[in-house]
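Accompanying notes for the structure given below.
The values are calculated or read from the model by the stated rules, or taken from the named source; none is laboratory data. Not measured: the values here are computed from a predicted model. All Cβ positions, even for glycine, are placed from backbone atoms using ideal geometry, and neighbour counts span all protein chains on display. Quick note on the areas: whole protein, heavy atoms, side chains included, nothing else; ligands and nucleic acids left out. Shrake-Rupley method; radii C 1.70, N 1.55, O 1.52, S 1.80 Å.
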Protein chains: 2
Amino acid sequence: MENNESLKSRRSINFFEPNIEISQDKILELIEIANLAPSSFNLQPWKVVVVKDSERKKVLRQCAFNQPKVEEASFVLIIVADPLAIEENIDRVFDSWEKLGYMQHEMRQTYRSMVYQLQGEPDSLKRKFFAIKNASLFAMNLMVAAKGLGLETHPMDGFDEACVKKEFNIPEEKIIPMLIAVGYLKKDIQLLPRAFRRDLSEFVKFERF
Amino acid sequence: MENNESLKSRRSINFFEPNIEISQDKILELIEIANLAPSSFNLQPWKVVVVKDSERKKVLRQCAFNQPKVEEASFVLIIVADPLAIEENIDRVFDSWEKLGYMQHEMRQTYRSMVYQLQGEPDSLKRKFFAIKNASLFAMNLMVAAKGLGLETHPMDGFDEACVKKEFNIPEEKIIPMLIAVGYLKKDIQLLPRAFRRDLSEFVKFERF
């Protein structure tokens with residue numbers, strides 16, 4: 001694909017060709033590319049549950065207001081934003097930074113304080129924002145990567161989060177910003193034209209250009 | 001660029017070649033591609049302030065803990081997440097859906113109720129989550145698009161949000177999930193190897209694979 005063709009041709013697909021299996025290798029390739037997304041202090045506050053078994057897709061569909069695409073897609077990813085990723089990852093991020101020359105050892109405590117100042121304590125609202133925004137960077141990277149691999153996607157936030165957490169054993173403190181259905185466009189479906197986008201003049205402001 | 005080359009080669013750049021001007025046309029092209037990002041019910045809760053004038057970059061740098069890259073980058077985007085985008089955009093999104101065949105007119109009230117049920121009332125926490133996650137999808141799309149246009153980026157959340165809002169006249173109820181510095185890599189800078197990423201086995205769970 002040419003420069004930015006993945007971005008220009010990506011659409012949110014409502015109708016997936018059912019019963020098409022996508023190999024675990026391809027799913028892992030997709031997630032591996034998506035995982036190159038940037039994150040605040042490289043803390044990577046995202047986790048992924050891959051729902052691909054047909055019985056489990058039925059369960060997820062019930063948590064998602066019975067939307068057929070959950071079952072028709074080849075698999076659905078539960079994108080999990082993890083407010084506790086700082087505690088989980090900060091030491092090894094800093095180890096990596098020291099080893100690769102990003103940070104001097106003496107700066108470690110300074111950086112740690114910056115992380116907590118900017119991203120807040122575990123229970124804070126700031127910390128939730130941190131988790132959601134970075135998990136969403138990962139999610140968008142994944143949707144673009146999917147297009148590059150010939151796959152179609154649909155990001156969904158029409159679901160009952162408590163139901164998804166309960167059925168898929170996701171701890172209470174995590175946040176689920178979206179599900180992403182992944183697969184192939186259903187045969188003989190013509191996509192409708194792309195819906196309304198705001199004109200740039202409406203939401204882009206040049207400061208003293 | 002080949003399939004997903006933009007994603008694989010994208011890095012967060014700390015050192016930009018200073019004094020390189022990027023044309024308004026190219027900036028608009030970048031934002032136009034990024035603006036194809038998906039959003040919840042297509043509500044597009046993002047706005048962008050382009051900071052490119054050197055005096056204004058100095059002001060922004062002061063709000064961003066004096067980080068040199070704010071001034072050295074060709075321009076910096078203030079990514080604004082707008083919790084009130086629902087009220088601003090819902091009617092014309094639905095008009096577009098009706099016109100293009102996405103939605104029957106009779107379903108309009110049902111969809112409106114769904115939006116408010118899922119995304120909450122204007123002051124709610126749900127509404128803030130809605131704005132941040134979708135603005136972050138836009139932000140990631142923009143960073144990938146930049147790479148496709150030969151530009152480098154650095155997403156930043158090291159800044160004083162109140163300062164940015166005050167200096168750039170951004171209303172109190174908006175949220176600024178990140179700034180994105182955009183430009184070209186400084187001459188003679190060798191990028192360090194990509195820092196630590198978690199192994200997929202650690203954060204990807206296959207449900208009954």
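Details
- Listed by chain and number, the aspartates and glutamates whose alpha-carbon sits under 15 Å from that of A:LYS69, ignoring those within fewer than 8 places in the same chain, are A:GLU17, A:GLU21, A:ASP53, A:GLU55, A:GLU152, A:ASP157.
- The residue among A:LEU149, A:LEU100, A:VAL182 whose Cα reaches farthest toward the positive pole of the charge dipole of the protein assembly as shown, with charges on the beta-carbon of Lys, Arg, Asp and Glu, is A:LEU149.
- Value in Å of the Kirkwood radius, where chain B supplies the Cα pairs that are averaged: 18.9
- For the stretch A:4-18, putting each phi into the Karplus relation 6.51 cos²θ - 1.76 cosθ + 1.60 with θ = phi - 60° gives couplings of 6, 5, 4, 6, 6, 9, 5, 10, 8, 9, 8, 10, 9, 5, x Hz, in residue order, rounded to whole numbers and with x for Gly and Pro.
- Translational D in µm²/s for the protein assembly as shown (Stokes-Einstein at 20 °C, 1.002 mPa s, Kirkwood Rh from C-alpha pairs): 98
- Taking amide H atoms as placed 1.01 Å from N in the peptide plane, the amide H of B:LEU185 lies under 5 Å from those of B:GLU17, B:GLU152, each 5 or more residues away in sequence or on another chain.
- Rg(Cα)/(2.2 N^0.38 Å) for the stretch A:1-113, N = residue count: 1.43
- Ranked by the mean number of other Cβ atoms within 10 Å per residue, highest first, peptides B:10-19, A:133-142 order as A:133-142, B:10-19.
- Complex-versus-alone comparison for the stretch A:141-161, residues with a loss of 20 Å² or more in accessible area, probe 1.4 Å: A:ASN141, A:VAL144, A:GLY148, A:ASP157
- Cα centre as origin, Lys/Arg/Asp/Glu Cβ charges: the protein assembly as shown dipole, Debye: 120
- Crossing angle, helix A:85-100 versus chain A [Cα axis fit, 0-90 degrees, rounded to tens]: 70
- Helix content alone sets the calculated 222 nm mean residue ellipticity of chain B: runs of n ≥ 4 DSSP H residues at -39500 (n - 2.57) each, divided across all residues, give -13500 deg cm²/dmol.
- Accessible area buried between chains B and A, both sides summed, probe 1.4 Å, in Å² to nearest 100: 7900
- Neighbourhood charge, 15 Å Cβ-Cβ cut-off, centred on A:GLN104 and excluding it, Lys, Arg +1 and Asp, Glu -1: 0
- Global form of the stretch B:23-65, assessed from the alpha-carbon gyration tensor, a/c cut-off 1.5: oblate
- The P(r) of the stretch B:100-209 has a tail past 25 Å containing 52 percent of all C-alpha pairs.
- Ordering of B:95-106, B:31-42 by burial proxy (mean other Cβ atoms within 10 Å per residue, highest first): B:31-42, B:95-106
- Violating pairs (Cα-Cα greater than 24 angstrom) within the set B:LYS52/B:LYS128; A:LYS126/B:LYS174; A:LYS57/B:LYS147; A:LYS126/B:LYS165: B:LYS52/B:LYS128; A:LYS57/B:LYS147
- Inter-chain neighbour count for A:6-12: the average number of beta-carbon atoms from partner chains within 10 Å of each residue's beta-carbon is 5.
- Each Lys and Arg Cβ is given +1 and each Asp and Glu Cβ -1; about its Cα centre, the stretch A:2-202 then shows a dipole of about 440 debye.
- Once the 1.4 Å probe is applied to the protein heavy atoms, chain B comes out at 42 Å² accessible per residue.
- Between helix A:125-148 and chain A there is an angle of about 50 degrees, using the helix long axis and the longest principal axis of the Cα atoms.
- Convex hull volume per residue for the stretch A:117-159, taking Cα atoms only, in Å³: 76
- Accessible area of chain A belonging to carbon and sulfur atoms, whole % at 1.4 Å probe: 50
- Considering only beta bridges that DSSP places wholly inside chain A, some 95 percent are antiparallel.
- Among the residues of the stretch B:40-58, those with an accessible-area drop of 30 Å² or more from chain alone to full protein complex, heavy atoms and 1.4 Å probe, are B:ASN42, B:GLN44, B:LYS47, B:VAL48, B:VAL49, B:VAL50, B:LYS52, B:ASP53, B:ARG56.
- Sum of side-chain charges, B:VAL204 neighbourhood, beta-carbon under 10 Å (Lys, Arg +1; Asp, Glu -1): 0
- Long-range HN-HN contacts of A:ILE13 with modeled amide H, under 5 Å: A:THR153, A:HIS154
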